[in-house]
Amino acid sequence: MAALAVAVDARPYVMADRRARSVILPSICFTFATVLAWGFGAALAVQVVAVAVAGARLRQPVRRTVLLGVQHGVALGVAAAVASLRGGPTYDWDDALLIVAAAGAWVVARYGLAAMVARATGERPGQRRGAGFLATGALLLLGPVVLATAQVGLAFVPLVLLALHAVHRMVRSAGDLERVDALTGLPDRRALHASVLSHGRGKRLALLLLDLDRFRTVNDALGHGVGDRLLVEVARRLAAVVPSHDLVVRLGGDEFAVLATRVDGAPGARRIAHHLAEALNRPFALDGTPVDVTASIGIALQREPGGDGATLLRQAETAMYDAKQRGDQIAVYGPDAAHHSPDRLTLLADLRHALRADAPDDGITLFYQPQIAIATGEMVGVEALLRWRHPERGLVGPEELIRVAEPTPVMRLLTGRVLHEVVAQLAEWRDAGRPIRAAVNVSARDLHAGDIADRVDELLRRYAVPADLLQLEITESALMADPHRVLNTITRLDRMGIAISLDDFGTGYSSLQHLRRLPLAEVKIDRSFVLGMATDRGDAAIVRSVIDLAEALGLRAVAEGVEDERTWRLLAEAGCHAAQGWFHARPMPAPELLGWLSRYRPLRLPRAALPSK
């Protein structure tokens, strides 16, 4: 009995409901049988070991495992007290009612104590316990069946595992019907969509989407096991503060959502968001380490009753990324904003369709603009620039594409497409005997996802392209949105041998402390300063200061927007390393670049025009 109890608890049952999850230990079948045959002491010893095995398997905190053990120990004690009323060492059919009473006492003690603990700790118990009570009762009443089977022959005892398997399938079926997340026990994305449809008539809803900030840092520093436990605790805390008429959902990863069913517009939704943010502000204690968690929250209000969950979720996600980009914690989706206009939503849908169709005539192409070393006039690399010829709108520029795609998951599809085409093109140029370095822009969303290093590494290996032929450009806004998370990603890319460039330098709010710590290879001076440096003393001073700063930090300085010879000469006098702009070459398709190179003759400055340093 002891061996079977410990063995089956290596696979405990998780019964999830609307608000939380409860654990059902299959070992209670054998420990209840042990109480009936050998008394409370033996049963308690076996149960303690079984609970420890289950707690380790579920990766629960020690505190929760101890509480689970106490509840089962108390339940066994109460059941043993009821069963002892028989007084004899054996049981027969006359004692069936007494055994049922002992099982009932076990259930009352176990779940009554659990409810008391939940009330004392401020947690709200689950709302639907019917399937859990049924599964627990079935397991307990299997105990006397095991004893009766043992009297026939010990070889028949393992047959009870078939009955345990049936109970396990019942628990899983109940979980599937509830549409729950396996880790946290919260409803999942399917449950959210079903709930939106069920509340669609006569009620206006608000969806609040929460994305944990710097969650990857917890995984990297403390391990994925601790990260999973943090997600479980976040789920419990959210479930504890959300009213029973609302729905708490885990969408996946570190994203959660709350579907509020009683809101009075944007002010009421904001109050709920602030309430959720305050609930997460208290540190989480994980293995004695306090972990601080914040979340960016996007709010979408259902404009008309009867809307679908997909639209509401997309709008909330857009608002959440707006909050991250602006540095705010909470943002409300507004259809009147330019980037939320129906026109841009249509453009986004068309872009998503083009990327997923992956047709050769989808209109998505890359142009390449040469970067020229100012001192020698030689081409030192190119920058890949995105273009999209929409079938109805005509040519869509990169600024519009990025503005539309970056707040959404489409950005990852777009970056994946660009990286794939650029690396394939680098391999083609290398095979033609002209190895060329290409720079690719990546967004804040790509850097926050964390897997861009794996995607780049896989592409470089597939096409056998050296890492030093690929350079990634990040913007100041991407850096400042979450500098620690970005630092982890670009440090890994740097170790792979991929140069990192800080694009549009001077237009954002970069901290010099972050700039000093980042493994950068170059800074690119924004074209807004370069275009005016020949006529504006302030722009010229800013450009010279950036060049001097780059020189002091051992970085290359690349000027964008060089369109005339005078600007080129001023950059040379200031000691700028490279230039990019129409003065040398306009962006061109890949097939034209090698032809341009064959015709290009470097324009060299007189030695006297070069800086003495």
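The values are calculated or read from the model by the stated rules, or taken from the named source; none is laboratory data. All figures in this text were calculated on a predicted structure; none of them were measured in a lab. Cβ sites come from the backbone with ideal geometry, for glycine too, and all protein chains shown count toward neighbours. We work out accessible area using only protein heavy atoms, side chains counted, and drop any ligands, DNA or RNA first. Shrake-Rupley method; radii C 1.70, N 1.55, O 1.52, S 1.80 Å.
Given the options Ala155, Ala191, name the one that is modelled with pLDDT of 75 or more and either closer than 30 Å to Leu313 by Cβ or loosely packed, with under 13 Cβ neighbours inside 10 Å (or both).
Details: Ala155 fails: modelled with pLDDT of 75 or more.
Selected residue: Ala191, the only one of Ala155, Ala191 that is modelled with pLDDT of 75 or more and either closer than 30 Å to Leu313 by Cβ or loosely packed, with under 13 Cβ neighbours inside 10 Å (or both).
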Considering residues that are surrounded by fewer than 16 Cβ atoms within 10 Å (Cβ to Cβ) and more than 23 Å from Gln471 (Cα to Cα), the number found within the range 540-562 is 2
Note on the range 81-100: residues among the small types (Gly, Ala, Ser), modelled with pLDDT of 60 or more and part of a loop (DSSP other than H, G, I, E, B) are Ser84
Exactly one of Asp228, Asp246 is modelled with pLDDT under 90, acidic (Asp, Glu) and open to solvent by less than 30 Å² (accessible area, probe 1.4 Å), and that one is Asp246
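Looking at Thr289, is it modelled with pLDDT of 80 or more and either small (Gly, Ala, Ser) or within 19 Å of Leu231 (Cα to Cα) (or both)?
On the way: modelled with pLDDT of 80 or more: no; either small (Gly, Ala, Ser) or within 19 Å of Leu231 (Cα to Cα) (or both): yes.
In short, no.
Name the residues in the range 353-406 that are in a loop (DSSP other than H, G, I, E, B), of a type in the set (A, V, I, L, M) and at pLDDT 90 or above, would you?
Taking the range 353-406 and keeping what is in a loop (DSSP other than H, G, I, E, B), we get 358-363, 374-378, 391-393, 397, 406.
Next cut, of a type in the set (A, V, I, L, M) only: 359, 374-375.
The one that is in a loop (DSSP other than H, G, I, E, B), of a type in the set (A, V, I, L, M) and at pLDDT 90 or above: Ile374.
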For the range 19-63, the count of residues that are part of a helix (DSSP H, G or I) and either within 22 Å of Ala118 (Cα to Cα) or not small (Gly, Ala, Ser) (or both) equals 25
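From the list Ala166, Ala240, which one is surrounded by fewer than 19 Cβ atoms within 10 Å (Cβ to Cβ), at pLDDT 80 or above, over 17 Å from the mean Cα position of the chain (by Cα) and over 29 Å from Arg303 (Cβ atoms)? Lay out the reasoning, then the answer.
Values: Ala166 fails: at pLDDT 80 or above.
Of the residues listed, the single one that is surrounded by fewer than 19 Cβ atoms within 10 Å (Cβ to Cβ), at pLDDT 80 or above, over 17 Å from the mean Cα position of the chain (by Cα) and over 29 Å from Arg303 (Cβ atoms) is Ala240.
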The number of residues in the range 253-293 that are out of contact with any strand residue (DSSP E or B) (no Cβ under 6 Å at 6 or more places or on another chain), without any contact (Cβ under 8 Å) to a residue 60 or more places away in the chain and open to solvent by less than 30 Å² (accessible area, probe 1.4 Å) is 3
Of those in the range 428-453 that are in a helix (DSSP H, G or I) and open to solvent by 10 Å² or more (accessible area, probe 1.4 Å), the residue farthest from Thr489 (Cα to Cα) is Asp431
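Could you tell me whether Ile490 is under 26 Å from Gln315 (Cβ atoms), of a type in the set (A, V, I, L, M) and at pLDDT below 90?
Working: under 26 Å from Gln315 (Cβ atoms): no; of a type in the set (A, V, I, L, M): yes; at pLDDT below 90: yes.
No: the conditions fail for Ile490.
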Those residues of the range 550-570 which are among the hydrophobic types (A, V, I, L, M, F, W, C) and free of Cβ contacts under 8 Å to residues at least 24 places away in the same chain amount to Ala552
Margin query: Take Val418 and tell me if it is closer than 28 Å to Tyr321 by Cα, within 32 Å of the chain's Cα centre (by Cα) and not in a helix (DSSP H, G or I).
Written below: no
